[in-house]
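Chemist: Dumping the structure here so I can ask a few things about it.
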Amino acid sequence: MTKSSPSSSPPTSSSPGDPEPAAAVADAAPDTVVLPGALDAVLADSTASSASDERRSLDLTGELCPFTFVRTKLALEALPLGAELRVIVDHEPAIRNLPRSATEWGQEILAVTVLSPTTWAIDLRKRVR
């Protein structure tokens, strides 16, 4: 399988419907401090990874809590913002503990799916560093 690398050059134009940077700053919460250049970095980071990137998968079958937590957190830290991670577990407490912990870290829970009577998939999206 061949995977192409994203271009290192910044985007040259915005897509129709993309908010203008000034509008994005105006939409910030009243208690949010927007640092000069921060919005450009966030916008560049959000366009750096392609929507066609395949979802990463982390097979933690055979692992017990708290190791499911530790390994999931390390895997998410290595991913770019917006990336998706599917965590496969067979330790029943992990289907409650991982989503709860990931929410506390500010990550997005996409789904918890039953794959078999003893195996589950927890789909996450990285929202914060």
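Values in this text are rule-based calculations from the coordinates and carry no lab data. Computed from a predicted model, the values in this text were never measured in an experiment. Backbone-built Cβ (ideal geometry, glycine too); neighbour counts: all protein chains shown.
Chemist: So how much slack lies between Thr61 and Val128, counting 0.36 nm per residue of separation and subtracting their Cα-Cα distance, in nm?
Modeler: Values: separation 67, 0.36 × 67 = 24.12 nm, distance 2.58 nm.
Full extension from Thr61 to Val128 adds 21.5 nm.
Chemist: Continuing with the same structure: Take the Cβ-Cβ distance between Ala78 and Ser116 as r, set R0 to 25 Å, and report the resulting FRET efficiency rounded to the nearest 0.05. It would help to have the intermediate numbers written out before the result.
Modeler: Working: r = 28 Å, r/R0 = 1.11.
The pair Ala78/Ser116 has a calculated efficiency of 0.35.
Chemist: Using a 10 Å cut-off around each Cβ, can you sort Leu85, Leu79 from fewest to most neighbouring Cβ atoms? Don't jump to the answer; show the numbers that get you there.
Modeler: Numbers: Leu85 21, Leu79 17.
Ordered by Cβ neighbours within 10 Å, fewest first: Leu79, Leu85.
Chemist: Taking the Cβ of each residue in Ser101, Ser116 as the centre, tally the other Cβ atoms inside 10 Å and list the residues starting with the fewest. It would help to have the intermediate numbers written out before the result.
Modeler: Numbers: Ser101 17, Ser116 7.
Least to most surrounded, the residues fall as Ser116, Ser101.
Chemist: Still on this structure: Output the relative contact order of the range 56-125, whole-number percent, from Cα pairs under 8 angstrom with separation of 6+ residues.
Modeler: Numbers: 114 pairs, mean separation 24.7, N = 70.
Relative contact order, the range 56-125: 35 percent.
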